[in-house]
1. Identify all residues within the range 97-146 that are open to solvent by 20 Å² or more (accessible area, probe 1.4 Å), among the small types (G, A, S) and under 21 Å from P33 (Cα atoms); write none if there are none.
2. Output yes when any residue across the range 13-23 is open to solvent by 70 Å² or more (accessible area, probe 1.4 Å), at pLDDT 95 or above and of a type in the set (K, R), and no when none is.
3. From the list R100, R79, which residue is modelled with pLDDT of 95 or more and either in a helix (DSSP H, G or I) or over 23 Å from Q130 (Cα atoms) (or both)?
4. Under 6 Å between Cβ atoms, at least 6 apart or on separate chains: pull out the pairs that start in the range 23-38 with a residue that is in a helix (DSSP H, G or I) and end on any residue that is open to solvent by less than 40 Å² (accessible area, probe 1.4 Å) and of a type in the set (A, V, I, L, M, F, W, C).
5. In the range 39-50, what count of residues is obtained for those that are open to solvent by 40 Å² or more (accessible area, probe 1.4 Å) and of a type in the set (V, I, T)?
6. Hey, among T7, T53, which residue is of a type in the set (S, T, Y), in a helix (DSSP H, G or I), open to solvent by 70 Å² or more (accessible area, probe 1.4 Å) and out of contact with any strand residue (DSSP E or B) (no Cβ under 6 Å at 6 or more places or on another chain)?
Amino acid sequence: MTMIPPTPIRLLIVDDHPVVRDGLVAILHQGEPDLEVVGEVGNGKEAVAAWRTLRPTVTIMDLQLPGQSGVEAIVAIRREDPDARVLVLTTFDGDADIQRALEAGARGYLLKNMRRGTLIEAVRAVAAGQRYLPPATAARLVEGMESERLTARELDVL
């Protein structure tokens, strides 16, 4: 009986810096037979077009992109396929950035200062349909939500 190898997790990398894309390709191919980079692009419009053509399992998306932002690209992709899986990989750690990305439909949110193992763990989790937020990112999001609560006096006025 022959074993059928598992279907690889197909990845689309979206970042406007070629050296970052090159680094991600190298990291994700290095000893990870279940991961396959099927495309890489440098802006939001190219991301949507490449996603349509390639139909990756997971799209790794930066937020700061020329022309069309990462959030706008996520919205466009998820409009076509509500089940599309996007993992944000960015330098922006503000709670508003995190919230916007998640509201747009991102399934995970990582900062570019994470370790290789964290990236791979996040990719696999998002591919499996799970959400992935590192503890520090989740804490920032909760702090932001708590700071948005109205005070007792504000509630009285309303």
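1. Let us first name the residues in the range 97-146 that are open to solvent by 20 Å² or more (accessible area, probe 1.4 Å), namely 97, 99-100, 102-103, 107, 111-118, 121, 124, 128-136, 138-143, 145-146.
From what's left, among the small types (G, A, S): 117, 128-129, 136, 138-139.
Those that are open to solvent by 20 Å² or more (accessible area, probe 1.4 Å), among the small types (G, A, S) and under 21 Å from P33 (Cα atoms): G117, A128, G129.
2. Here is the first cut: in the range 13-23, the ones open to solvent by 70 Å² or more (accessible area, probe 1.4 Å) are 17-19, 22.
Of the ones still in play, those that are also at pLDDT 95 or above are 17-19, 22.
Now restrict to residues that are of a type in the set (K, R): none.
The answer is no, given that none of the residues of the range 13-23 is open to solvent by 70 Å² or more (accessible area, probe 1.4 Å), at pLDDT 95 or above and of a type in the set (K, R).
3. Working: R100 fails: modelled with pLDDT of 95 or more.
Testing whether each residue is modelled with pLDDT of 95 or more and either in a helix (DSSP H, G or I) or over 23 Å from Q130 (Cα atoms) (or both) leaves just R79.
4. L24/I13; V25/V37; L28/L35; L28/V37
5. Qualifying residue count for the region: 0.
6. Details: T7 fails: in a helix (DSSP H, G or I).
Being of a type in the set (S, T, Y), in a helix (DSSP H, G or I), open to solvent by 70 Å² or more (accessible area, probe 1.4 Å) and out of contact with any strand residue (DSSP E or B) (no Cβ under 6 Å at 6 or more places or on another chain) holds for just one of T7, T53, which is T53.
The values are calculated or read from the model by the stated rules, or taken from the named source; none is laboratory data. On a predicted model such as this, the values are computed, not experimentally measured, just so you know. With ideal geometry, Cβ positions are generated from the backbone for all residues, glycine too; neighbour counts draw on all protein chains shown. Remember, those area values only see protein heavy atoms, side chains included, never the ligands or the DNA or RNA. Shrake-Rupley method; radii C 1.70, N 1.55, O 1.52, S 1.80 Å.
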